[in-house]
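Participant: Can you read through this structure? Questions will come right after.
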Amino acid sequence: MKNQLFKKITRIGLLSLIGVLILGTFYFLWQKARPVETTYEIITPTIGDIAAKTVATGNVEPRHEVEIKPQISGIIAELKKEAGDRVENGEIIATIKVIPEMVQLNSAESRVNVAEISLRQVEELFKRNKALFEQGVISREEYEQSEADYLKAQEERETAQSELEIVRDGISRHSNVVSTTQIRSTIAGMILDIPVKVGNSVIQSNNFNEGTTIATVADMNDMIFKGNVDETEIGRIHNGMPITLTIGAMESRQFLANLEYVSPKGEEKNGAIQFEIKAAIQIPNDAFVRAGYSANAEIVLKEAQDVLTIPESTVEFMGDSAFVYLMKQEKPKQVFERKHIETGLSDGIKIEVKQGLTPQDKIRGAEIKPNKE
């Protein structure tokens, strides 16, 4: 009797459990089959500014950078300046010790000796003719010819002596020009580099050789930005446009610049046609911009101020038309209506709305994803 009762209770319990499982399964499937109600962020148009910009990468460098080269060959005897020093126009940077070529030196010394011999001979003749002229033995014409020959011989001796000094020392003592052994700056500015050391041999600059660079000098108060712009945007760029430069090495400090050059010819770089641009930088007194800094130039191509804007992600584009979803009902269920709008300038994040919306309208934004615990 007890066994039968136990079996009955067990059977009832199993049937109840099966029933609960079946009901649970049906409820789960019903819940899965129910349509999920999607909710969206609500966006309100705002009044603001939009600017279409392009960014050019490049570097900052002096407008005028001059390489100082010697006018005579020799060996660096002394360096009076070093990189980073400021120099004035005509200030001495280095001095050169001339190492004359032996053939030229011997030839110059020989010309001096010949000139002195000739001078002594003509001088004796002139003295005799002068005495004879005073006695009335020879004519004035003969005396004046003798005097002219004497003066010519003196000039030839001085010329030969000057040539010897130039070959031997680099400059004549009678010359009015600055000694070519003194290397002077040709502009006022800062020395960027001195690639030579004391004892280095240097070659003079002439028609056949550009010469050895003694120093590089630049005016660091007149700096320009040189960069490149892609061909797809070069048509919207012109001289005089304002530019904002960002120099990363100076803690991303920004400087104003003015576009003054756009290359008429492009060059292929990394598979794209790039056009060179140059802009004059306005450097404040408290900033020191070093040559070679990399920089990014932000150029405003087009700008719209105090216009109605919405996030571009809320706009649906179809061909030449643009649409948004305007809210018609918020509760108990969001209801939206597709509406055509006229758009204007875009900066890639915001877009201008010319017609179709007001600041009081509400439009559909991004879908709100439910939190998954």
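Read-outs: derived from the displayed coordinates by stated rules, not from any lab. All values derive from a computational prediction rather than experimental measurement. Every residue, glycine among them, receives a Cβ derived from its backbone with ideal geometry; neighbour counts consider all protein chains shown.
Participant: Mean residue ellipticity at 222 nm from the helices of the chain, using -39,500 (n - 2.57) per DSSP H segment of n ≥ 4 over the full residue count, to the nearest 500 deg cm²/dmol?
Facilitator: The helix contribution divided over the chain gives -9500 deg cm²/dmol.
Participant: Above 12 angstrom, tally the Cα pairs of region 279-322 and express them as a % of all pairs, no decimals. Display every interim value, and only then the final one.
Facilitator: Values: 765 of 946 pairs.
Summing the P(r) tail past 12 Å for region 279-322 gives 81 percent.
Participant: Let me ask something additional. When all alpha-carbon pairs of region 174-260 are counted, what percent fall beyond 14 Å?
Facilitator: Tail fraction, whole percent: 79.
Participant: Sticking with this one: Taking K and R as +1 and D and E as -1, what net charge do the other residues with C-beta under 9 Å from the C-beta of Val122 add up to?
Facilitator: On the way: positive: Arg120, Lys152; negative: Glu123, Glu124, Asp149.
Neighbourhood net charge equals -1.
Participant: Something else now. Using θ = phi - 60° and the Karplus curve 6.51 cos²θ - 1.76 cosθ + 1.60, what whole-Hz ³J(HN,Hα) does each residue of region 316-331 get, with Gly and Pro shown as x?
Facilitator: Values, residue by residue: 10, 9, 9, x, 8, 9, 10, 9, 10, 10, 8, 6, 10, 8, 9, 10 Hz.
Participant: Separate question: Residue by residue, what Karplus-based ³J(HN,Hα) values in Hz, rounded to whole numbers, does region 184-195 have, using 6.51, -1.76 and 1.60 with θ = phi - 60° and x for Gly and Pro?
Facilitator: Here the 3J(HN,Hα) series is 10, 6, 9, 9, 8, x, 10, 7, 7, 7, 10, x Hz.
Participant: Hey, what does the equivalent ellipsoid look like for region 304-373, semi-axes from the Cα gyration tensor as sqrt of 5 times each eigenvalue, largest first, whole Å? If you can, show how the numbers build up before the last one.
Facilitator: Working: eigenvalues 109, 43, 30 Å².
Whole-Å semi-axes of the equivalent ellipsoid: 23, 15, 12.
Participant: So which of Lys127/Lys152; Lys53/Lys354; Lys265/Lys350 end up more than 23 Å apart by C-alpha? If you can, show how the numbers build up before the last one.
Facilitator: Values: Lys127/Lys152 15 Å; Lys53/Lys354 20 Å; Lys265/Lys350 34 Å.
Table pairs above 23 Å Cα-Cα are Lys265/Lys350.
Participant: Quote the FRET efficiency, to the nearest 0.05, computed for Lys130 versus Ser107 with a Förster distance R0 of 35 Å and r equal to the Cβ-Cβ distance.
Facilitator: Numbers: r = 34 Å, r/R0 = 0.98.
It comes to 0.55.
Participant: Further, regarding this structure: Give me a comma-separated list of calculated 3J(HN,Hα) values for region 352-367, in order, Karplus coefficients 6.51, -1.76, 1.60 applied at θ = phi - 60°, integers in Hz, x for any Gly or Pro.
Facilitator: 7, 10, 8, 8, x, 9, 10, x, 8, 6, 10, 10, 6, x, 6, 5
Participant: Starting from the 7 Å offset along Cα-to-Cβ, what nm value, one decimal, do you get for the label separation of Asp230 and Ala83?
Facilitator: The modelled label-to-label distance comes out at 3.6 nm.
Participant: Now a separate question. Quick one: if you stick a label point 7 Å off each Cα along the C-beta vector at Thr10 and Lys362, how many nm between them?
Facilitator: Roughly 6.3 nm, to one decimal.
Participant: Calculate, in whole percent, how much of the Cα-Cα pair population of the chain lies beyond 40 Å. Mind dumping the intermediate values first?
Facilitator: Working: 40863 of 69378 pairs.
Roughly 59 percent, rounded to a whole number.
Participant: Expressed in nm², what is the orientationally averaged projection area of the convex hull enclosing the Cα positions of region 215-373? Don't jump to the answer; show the numbers that get you there.
Facilitator: On the way: hull surface 68.1 nm².
Its average projected convex-hull area is 17.0 nm².
Participant: Let me know the shape class of region 228-318, please: from the alpha-carbon gyration tensor, a ≥ b ≥ c as square roots of the eigenvalues, rounded when a/c is under 1.5, otherwise prolate if a/b is greater than b/c, or oblate.
Facilitator: Values: a/c = 1.95, a/b = 1.30, b/c = 1.50.
Here region 228-318 falls in the oblate category.
Participant: Return one number: the angle in degrees, 0 to 90 and rounded to the nearest 10, between the long axis of the Cα atoms of helix 140-169 and the longest principal axis of the Cα atoms of the chain.
Facilitator: The angle comes out at about 40 degrees.
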